[in-house]
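Have a look at the structure below before the remarks.
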Amino acid sequence: MTLRWYSTVIEAHDHRALAAWWARALGWDARFATDEEVVLVPPWAGELGPALPFHQVPPGLVFVPVEHRKQGKNRLHLDFAPHVSQDRDAEIGRLLSLGATRVDAGQGPEATWDVLADPEGNEFCVLSSRES
């Protein structure tokens, strides 16, 4: 038996605002929102989720409130890749216009990815375009 990756939990000073930012960034839907958590899932998960076997249901993002602000570099981060049919630089520009910032994590000029941070400083990478 193996485990299913169920969700990734992200602590946030303002969990509702950060969840809304990620919903815009990813085009995902908020499925559940309370003072204790906000849950985001891909839009197709709502359509296909009930028909999928347990192990094929995609993971969600869960935002929970904390009083402290982020300090230091993430020990875990998310990687995203645009499809080859998308303009990667335009996608990075869109994320920056939503409030992301560029981060120097020591990646160097030869890196094939860009390191960005969400409005609360959580790092994530935009990789080179991928076919699949």
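Quick notes
For every residue, the table says whether it meets (1) touching a Cys at 6+ places or on another chain (Cβ under 9 Å); (2) at pLDDT below 85; (3) within 25 Å of A100 (Cβ to Cβ).
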| site | (1), (2), (3) |
| --- | --- |
| D35 | no, no, no |
| P42 | no, no, yes |
| G49 | no, yes, no |
| N74 | no, yes, yes |
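- The set of residues from region 65-79 being more than 23 Å from S128 (Cα to Cα) and surrounded by 15 or more Cβ atoms within 10 Å (Cβ to Cβ) comprises P65, K70.
- So A30, is it within 25 Å of G93 (Cα to Cα) and either out of contact with any helix residue (DSSP H, G or I) (no Cβ under 7 Å at 6 or more places or on another chain) or open to solvent by 40 Å² or more (accessible area, probe 1.4 Å) (or both): yes
- Among (1) within 19 Å of A23 (Cβ to Cβ); (2) touching a Cys at 6+ places or on another chain (Cβ under 6 Å); (3) of a type in the set (F, W, Y) - the single one W113 does not satisfy: (1)
- Entry remark, region 115-132: residues being free of Cβ contacts under 8 Å to residues at least 24 places away in the same chain, open to solvent by 40 Å² or more (accessible area, probe 1.4 Å) and either among the aliphatic types (A, V, I, L, M) or within 27 Å of R69 (Cβ to Cβ) (or both) number 0 in total.
- Whichever residue in region 80-106 is touching a Phe, Trp or Tyr at 6+ places or on another chain (Cβ under 7 Å) and not in a helix (DSSP H, G or I) and, among such residues, is most open to solvent (accessible area, probe 1.4 Å): F80
The values are calculated or read from the model by the stated rules, or taken from the named source; none is laboratory data. None of these values were measured; they are calculated from a predicted model. Here the Cβ is made from the backbone with ideal geometry for all residues, glycine too, and neighbour counts use every protein chain on show. Heads up: the accessible areas ignore ligands, DNA and RNA and are worked out on the full protein's heavy atoms, side chains in. Shrake-Rupley method; radii C 1.70, N 1.55, O 1.52, S 1.80 Å.
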